[in-house]
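The values are calculated or read from the model by the stated rules, or taken from the named source; none is laboratory data. None of the values given here were measured: they were computed from a predicted structure. Cβ placement follows ideal geometry from the backbone for every residue including glycine, while neighbour counts extend to all protein chains displayed. Heads up: the accessible areas ignore ligands, DNA and RNA and are worked out on the full protein's heavy atoms, side chains in. Shrake-Rupley method; radii C 1.70, N 1.55, O 1.52, S 1.80 Å.
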Amino acid sequence: MAAPTVEGAAVTALRSVLHRVRQAAERSGRTQEQIRVVAVSKTKPVSLIRQVYDAGHRSFGENYVQEIVDKAPQLPEDIKWHFVGHLQSNKAKTLLGGVPNLDMVEGVGNEKIANHLDKAVSNLGRKPLKVLVQVNTSGEESKSGIDPSGCLGIVEHVRLRCPNLEFSGLMTIGMPDYTSTPENFRTLLNCRAEVCKALGMAEDQCELSMGMSGDFEKAVCDTIEFKP
């Protein structure tokens with residue numbers, strides 16, 4: 001009789017996060033199914049990602065184009081890849097061409113990158129790409145994203161001028177410690193309210209992506225999306 005397989009540390013960590021998400025969801029009056037956990041796997045080897053995949057997880061995120069382009073072909077096609085953070089406009093074609101199962105780009109912070117993504121999708125003839133508009137809620141010069149005051153303008157550009165992109169919501173990366181500024185979360189909530197009112201959208205149709213490993217429970221209590 002074969003000995004039982006010892007669960008890897010990554011899978012154990014995933015189960016712990018999902019348990020905490022479930023508890024936070026219950027505290028906020030929601031269900032775990034309303035919250036999507038994206039496992040950001042930057043710098044992690046393909047073998048570790050595969051362990052987490054084999055445990056049933058399907059949503060993974062990467063921050064660097066070359067890394068996701070290298071990894072994606074080595075892993076199952078039903079993974080829903082997210083590119084998270086700043087994307088250089090000249091890398092849009094490489095990203096989309098190298099990752100056919102790219103599900104979403106979380107980091108459209110200006111019209112230029114929206115236009116490049118739209119053109120790349122059109123040239124490849126793939127289905128519309130889901131995007132989140134990145135908002136710089138902390139006001140840090142080192143952070144990418146549009147100022148909250150310009151959020152609606154970028155969203156309108158994506159919806160009206162980029163037929164190959166599907167506006168799916170908003171995202172933000174808060175202050176460096178990711179724990180001390182719930183105001184960043186409230187700012188994104190306010191941006192969503194403004195966008196949905198202007199466009200006649202239901203707020204539950206506009207996803208919010210916010211929260212990191214140190215504060216995802218706070219994000220769960222305020223939103224229906226987070227990225228640990």
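Below is a table of values for the structure above.
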| item | result |
| --- | --- |
| Whole-number percent relative contact order across the stretch 1-154, with pairs defined as alpha carbons under 8 Å at least 6 apart | 15 percent |
| Selected from Gln134, Gln51, Gln74 as most flexible by GNM, with the chain as the system and alpha-carbon contacts under 10 Å | Gln74 |
| Kirkwood-Stokes translational diffusion coefficient of the chain, alpha-carbon pairs, 4 °C, 1.567 mPa s, µm²/s | 72 µm²/s |
| Structure-based [θ]222 nm, the chain - -39500 (n - 2.57) summed over DSSP H runs of at least 4, per residue, nearest 500 | -12500 deg cm²/dmol |
| Test item: Cα-centred dipole of the chain, Lys/Arg +1 and Asp/Glu -1 on Cβ, debye | 420 debye |
| Under-5 Å amide H pairs with Val40, H placed in peptide plane, nonlocal only | Gly61 |
| Overall Cα dimensions of the stretch 1-134, principal axis frame, Å, largest first | 53, 40, 24 |
| Built amide H within the under 5 Å cut-off of Ser209, gap 5+ | Leu170, Met171, Thr172 |
| Estimated vicinal HN-Hα couplings, Hz - the stretch 109-123 in sequence order (Karplus 6.51, -1.76, 1.60; Gly, Pro = x) | x, 7, 5, 4, 5, 4, 5, 5, 5, 4, 5, 5, 4, 4, 5 |
| Fraction of accessible area attributable to carbon and sulfur, the stretch 78-182 (%, probe 1.4 Å) | 48 percent |
| Per-residue ³J(HN,Hα) for the stretch 125-133, Karplus 6.51 cos²θ - 1.76 cosθ + 1.60, θ = phi - 60°, Hz, x for Gly and Pro | x, 8, 5, x, 9, 6, 9, 10, 7 |
| With all protein chains modelled, accessible area of Asp103 [1.4 Å, Å²] | 20 Å² |
| Filter on Lys44/Lys119; Lys71/Lys119; Lys71/Lys91; Lys71/Lys93; Lys130/Lys218; Lys42/Lys71 - keep pairs with C-alpha separation over 20 Å | Lys44/Lys119; Lys71/Lys119; Lys130/Lys218 |
